[in-house]
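One structure is given here, and the rest of the page talks about it.
The values are calculated or read from the model by the stated rules, or taken from the named source; none is laboratory data. Predicted model, so just to flag it, every value in this text is computed and none were measured. Cβ atoms come from the backbone with ideal geometry, glycine included; neighbour counts cover every protein chain shown.
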Amino acid sequence: MVLEETKTPARLTAPTASKLPRQALLWVGLAYVLFGLFFRDAWKTDDAAGLAAILTAFNEGGRALLAPYIGNFPSVEHGPLLIWVAYIFELIFSPIFGLWMSPLDAQITAARLPNLLYFYIVLYGVWYGCYLLARRPECQPLPLPFGGEPDPRDYGRMLADCAFLFLVACFGIIMRMHETTYIPLLMACHSLAFYGFVRVFELPRQGFFFLIAGLAGSFFAAGLIGVFPPLVATLLLLSYRFYDKKQKQTILFALAVSIIISLAWLLTINNSQIEWLTAWLSYNQLSFSGYGRSFLNALRDLSWFLLPLWPFALYALWQWRRWFMAPHIFIPSVFIIANLLLLFLLRTSFEPEYATLVMPTAVLAAMSIPTIRRNLINALDWYSIMINTLAIIVIWLGWSALYLGWPAKIHDN
C-alpha cells in the first residue's frame, strides 16, 4: 500500500495550528542557556576537564591546539573541535572580559561563551529540520470535507515550535547544556547532520555543506563515538527511496569529503603526536567492546533522561505506523536507531552518549501532537497543572524553610 492511499492520522484545523512568535522562542532559549552558564565553579569532573583542556590550548598553544591536552596529559575522550572553537572565543572575548575581571576569570568566562552558539545551532537544526519535514505532503493533516485544514507553512511552524519546546523541556540535558564539555558541541553537530539530510530534499547544495559540518564536526567533537550515529544514519539513508539519484549522490559526496577531512587530521597527528594518537585509538577500541552488556542499564537510564519526550515519540510511532517510511517519521527514527546501536556496542554509556538521542526524539515527539485526541489532551492539561502546582508548592516550602525556618525538618536538611 502506497502512502498516498493511506489516511493520515493527523487531524487539525487552521485555528489550532497557531505558531509562537519567533522572538518569544529566542528569549526562551536565551533564558534557558544563560542561567547557570557563568559565574560558577565546575559542577562535575567532565566540566572541569573540558575547561582545563581549553585553557591549556589557549595558554600553551603548540601541540595542545592540534589535539586536546590537560597540562601534559593527552585528553582523548573528545576531539579538537571543542578547543578550536573555544580558542577563537578566547582570543576575541577574554581581553574584553579582562577589563573588569581577573585574567583567569576572563578566560573561564570566554571559554563558556561557545555554549550559546552550540545551543542555538541545536535549536536551528531541530526547528528548521522539523519545519521542512512537517511541510511535506506526507505529513499534512487529513483534508476536511468543507476545508479549513491548516496551511502547510503554518502547520510546519506549529510542529517546529513543538519540537523546540520538547527540546528545552527534556530533563536529561538541562545541566549538560551548561557544561564546558564536548556534549553541547556534539549535539550541535548531530543537529546539523539531521538538518542536512532534510535540506537535501529541496536544496541539495545547502544540504551538502550541512552534512559535511555535521559528519566531520561529529568526528572532530568526539571521535569515533561521536561520528558513529550520523555515519550509520548516512549508510541507512543512502538506500532510502524518497531520495532521488542526485540527492543520494550529494549525500555520498558529503560523506566522502568528511572522511577525507578526518583522515587529513589523523595523518597530521600520526606524523607529529603519535603518542596522543595511540592513546586515542586505544580509548576508542576499548569503548566499542560492550556488545550489549550495559544496554539494559542504558534503556533504564533513558526512561528518565528522555522525559517527557519518549512517551510522545512512542505515541507518534504508533499513530504513524502505516507512514513509517515517510520522511517525517523515518529520518528521525533512523537517528534514534543509530544512537541505540551505539549504546548497544559501547562498553559503558551514560549522559554524554544519551544526549544525542534528544534531538531526533524531540522531532518525533512533535509529530505526535496533531494525532492526539481531545480526551488525551484534557488528561495532559490536568497532569501539567498538577505537576506545576506541586512544583510551586515545593519551591515555596524550600524558600520558607531556608529563610523562615519552617517546616523545621526541611530547614534542618
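Here Ala279 fits the description: in the same structural domain as Phe335 (by TED's automatic domain parsing), in contact with a strand residue (DSSP E or B) (Cβ under 7 Å, 6 or more places away or on another chain) and part of a helix (DSSP H, G or I).
Only a single criterion out of (1) over 21 Å from Ala169 (Cα atoms); (2) part of a loop (DSSP other than H, G, I, E, B) is not satisfied by Leu296, namely (2). Put simply, of Leu165, Leu203 the only residue that is closer than 24 Å to Phe242 by Cα and out of contact with any helix residue (DSSP H, G or I) (no Cβ under 6 Å at 6 or more places or on another chain) is Leu203.
Whenever a residue of the range 282-293 is assigned to a loop (DSSP other than H, G, I, E, B), its partners that are aromatic (Phe, Trp, Tyr) and surrounded by 11 or more Cβ atoms within 10 Å (Cβ to Cβ), lying with C-beta atoms within less than 6 angstrom and at least six residues away or across chains, give the pairs Gly292/Phe344. Taken over the range 135-163, the residue count meeting the criterion of being closer than 20 Å to Leu357 by Cα and either more than 16 Å from the chain's Cα centre (by Cα) or outside any helix (DSSP H, G or I) (or both) is 1. Scanning the range 250-265 for residues that are of a type outside the set (Ser, Thr, Tyr) and either within 26 Å of the chain's Cα centre (by Cα) or outside any helix (DSSP H, G or I) (or both) returns Ile251, Leu252, Phe253, Ala254, Leu255, Ala256, Val257, Ile259, Ile260, Ile261, Leu263, Trp265.
Scan the range 385-413 for residues that are among the hydroxyl-bearing types (Ser, Thr, Tyr) and either modelled with pLDDT under 80 or in a loop (DSSP other than H, G, I, E, B) (or both) and the total you get is 2.
Are any of the residues in the range 217-225 buried (at least 24 other Cβ atoms within 10 Å of the Cβ), free of Cβ contacts under 8 Å to residues at least 40 places away in the same chain and either assigned to a helix (DSSP H, G or I) or assigned by TED's automatic domain parsing to the domain that holds Val334 (or both)? Yes, the range 217-225 has at least one match.
In this entry, Val126 passes the filter for residues that are of a type in the set (Val, Ile, Thr), under 20 Å from the mean Cα position of the chain (by Cα) and modelled with pLDDT of 90 or more.
Being modelled with pLDDT of 95 or more and of a type in the set (S, T, N, Q) is true of Ser218. Of everything in the range 173-197, what is over 30 Å from Ser289 (Cβ atoms) and either surrounded by fewer than 24 Cβ atoms within 10 Å (Cβ to Cβ) or free of Cβ contacts under 8 Å to residues at least 12 places away in the same chain (or both)? Give them in sequence order. Within the range 173-197, Ile174, His178 qualify. Residues that are assigned to a helix (DSSP H, G or I) and exposed (fewer than 11 other Cβ atoms within 10 Å of the Cβ) were ranked within the range 366-376; the one that is modelled with the lowest pLDDT is Asn375.
Report, ordered by the first and then the second residue, all pairs with beta carbons closer than 8 Å, sequence separation of six or more or different chains, a first member in the range 50-68 that is within 17 Å of Leu113 (Cβ to Cβ), and a second member that is among the acidic types (Asp, Glu) and not in a loop (DSSP other than H, G, I, E, B). These pairs meet every condition: Ile54/Glu90; Phe58/Glu90.
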